[in-house]
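The next block holds one structure in the form of structure tokens; read it before the comments.
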Amino acid sequence: MPFKKFKIYDYDFKLILLVAALAVIGVFAVGSAQGDLQTKQMYGAIAGFVVMIIVSFIDYHFLLKFYWVMYVANIVLLVLVMVVGESSNNAQRWLKIGGIQFQPSELAKILLILFFAAFIMKQKDNFNSFPIIALCVLLVGIPMALIVKQPDLSTTIMIAILFSVIMFAGKLKFKIILGILAVVIPLVAIFISIVMRDDNTILKDYQKNRILSWQNPDEFADEEAYQQLNSVTAIASGMMDGKGYKNNAITSVKNGNFLSEDQTDFIFAVIGEEFGFKGSVVVIILVILIALECVAIGRRAPDTAGQIIGAGIGGLVGFQGFINIGVATFLLPNTGLPLPFVSYGLTSLLTLFAGMGVVINVRTQVKRGNSLGESFD
């Protein structure tokens, strides 16, 4: 049965309130960055909230029965993006079906978490064997290859991080983790040194320049580093209390149109300038609390699948939030990852809300113990 009874005190109202608070901040922040998008963001948040509540009542074991359907659907959508996808800013990342345009790579994050939650639980007895680990790498490698071709390197990296979280939550043995790190770290260092050469074509020029501008911002102040330098200026100018919501200050970096993509990639700069250090800290704390709550639910889940779902969704919110804020504050090279529940982007917003719904359903089953066992057949 897709729906199961639960006791009301098992329902995670705390997580709902945290997510709602962050989404409300997102509506106001997007409205300040691009006023004509505020209504869409508001409707997206309301629709997402409804989706979250509905999904939270669906037994996640029932959803995971269709894990191969999720995986195949994910691959089909990503292939369709390459064939008939919509292009913008030299990237082909969007798909329009029935007049609705969405970004399959955002949906892929949630679908892959659910897929691997089911797959790893099915293979839990042999999970630490080389064939299963190699198969997991192959299964995540296919969608990653399709996404990197869009090109969308930042989402590819995010999925690689999620995959690492998933494998850890699936109880990959520490000796295997150490062995993998011993091989991967040197390979990554070699790969970076190769792709950063002038004659190498693995990375596109703009991707190389983003890394170089992060290392030497003074040399790229009028080019790739321009966005991040202005973002830091905006955040710093907000000081402790900020300049006020939708202020008319002539010293505003946002009002002077010096912030590019301020409704998405650099939404944190808008928050920092208008709400200051206090507002920025509130957003950071909300992101951290949501991520920790998801992980805590996962740790108390009745089975491996629930543990992976909690860790995976928590990792998605936590790491993606860290990367977005890291870019806005110049701690990391420029990427195109949205700030969860805050940045404009209806695909990201709706999929994150749906993911939270699954986590809440895991929470409703925590105190029952593993009455269903390690299976959802």
(request) Test Lys149 against the stated conditions and say whether it is farther than 19 Å from Thr304 by Cα and touching a residue at least 60 places away in the same chain (Cβ under 8 Å). (result) yes
(message) Between a residue in the stretch 170-189 that is under 24 Å from Phe116 (Cα atoms) and open to solvent by less than 60 Å² (accessible area, probe 1.4 Å) and any residue that is in a helix (DSSP H, G or I) and among the β-branched types (Val, Ile, Thr), which pairs come within a Cβ distance under 7 Å, given they are 6 or more apart or on different chains?
(response) Gly170/Ile120; Gly170/Thr304; Gly170/Ile308
(request) Select from the stretch 198-234 the residues that are modelled with pLDDT of 75 or more and not in a helix (DSSP H, G or I) and write down the one among them that is nearest to Ala328 (Cα to Cα). (result) Ala225
(request) Determine which single condition Gln227 fails, assuming it passes every other condition in (1) buried (at least 17 other Cβ atoms within 10 Å of the Cβ); (2) touching a helix residue (DSSP H, G or I) at 6+ places or on another chain (Cβ under 8 Å); (3) farther than 30 Å from Leu17 by Cβ; (4) of a type outside the set (D, E, K, R). (result) (2)
(request) Report whether or not Val232 is under 29 Å from Asn90 (Cβ atoms) and in contact with a Phe, Trp or Tyr (Cβ under 7 Å, 6 or more places away or on another chain). (result) yes
(request) Please indicate, with yes or no, whether at least one residue in the stretch 249-266 is of a type in the set (A, V, I, L, M, F, W, C), open to solvent by 40 Å² or more (accessible area, probe 1.4 Å) and under 17 Å from the mean Cα position of the chain (by Cα). (result) no
(message) Out of the residues in the stretch 335-369 meeting the condition of being open to solvent by less than 10 Å² (accessible area, probe 1.4 Å) and within 16 Å of Ala269 (Cβ to Cβ), tell me which one is modelled with the lowest pLDDT.
(response) Leu337
(message) Pull out all pairs, ordered by first then second residue, where Cβ-Cβ is under 6 Å, the residues are six or more apart or on different chains, the first lies in the stretch 339-354 and is within 8 Å of Glu106 (Cβ to Cβ) and without any contact (Cβ under 8 Å) to a residue 24 or more places away in the chain, and the second is open to solvent by less than 30 Å² (accessible area, probe 1.4 Å) and of a type in the set (Val, Ile, Thr).
(response) none
(message) I need every pair where a residue in the stretch 229-256 that is under 20 Å from Val282 (Cα atoms) has its Cβ under 7 Å from the Cβ of a residue that is surrounded by fewer than 20 Cβ atoms within 10 Å (Cβ to Cβ) and charged (D, E, K, R), sequence separation at least 6 or different chains.
(response) Met240/Lys278; Asp241/Lys278
(request) Mind listing whichever residues of the stretch 96-140 are open to solvent by 60 Å² or more (accessible area, probe 1.4 Å), farther than 18 Å from Lys171 by Cβ and not polar (S, T, N, Q)? (result) Lys96, Ile97, Gly98, Gly99, Ile100, Leu138
(request) Kindly provide the set of residues from the stretch 235-256 that are part of a loop (DSSP other than H, G, I, E, B), within 20 Å of Phe330 (Cα to Cα) and β-branched (Val, Ile, Thr), ordered by number. (result) Val253
(request) Could you list all residues from the stretch 81-95 that are out of contact with any helix residue (DSSP H, G or I) (no Cβ under 8 Å at 6 or more places or on another chain) and surrounded by 12 or more Cβ atoms within 10 Å (Cβ to Cβ)? (result) Gly85, Glu86, Ala91
(message) Anything in the stretch 293-330 that is touching a residue at least 24 places away in the same chain (Cβ under 8 Å), closer than 18 Å to Ala354 by Cα and β-branched (Val, Ile, Thr)? List them, or say none.
(response) Ile297, Ile308, Ile309, Ile313, Val317
(message) Cβ contacts < 6 Å: first residue in contact (Cβ under 8 Å) with a residue 12 or more places away in the chain, restricted to the stretch 118-138; second residue part of a loop (DSSP other than H, G, I, E, B) and surrounded by fewer than 16 Cβ atoms within 10 Å (Cβ to Cβ), any location; separation 6+ or different chain. Result?
(response) Met121/Glu374; Asn128/Lys173
(request) Could you check the stretch 1-119 for helices (runs of 4 or more DSSP H) lying wholly inside it with 1 or more residues that are among the basic types (Lys, Arg) and more than 27 Å from Cys136 (Cβ to Cβ)? (result) 13-33, 38-56
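The values are calculated or read from the model by the stated rules, or taken from the named source; none is laboratory data. This is a predicted model, so every value here is computed, not measured. Glycine gets a Cβ as well: all are built from the backbone with ideal geometry, and neighbour counts include every protein chain shown. For the accessible areas, the whole protein counts, side chains as well, though only heavy atoms, and no ligand, DNA or RNA atoms are used. Shrake-Rupley method; radii C 1.70, N 1.55, O 1.52, S 1.80 Å.
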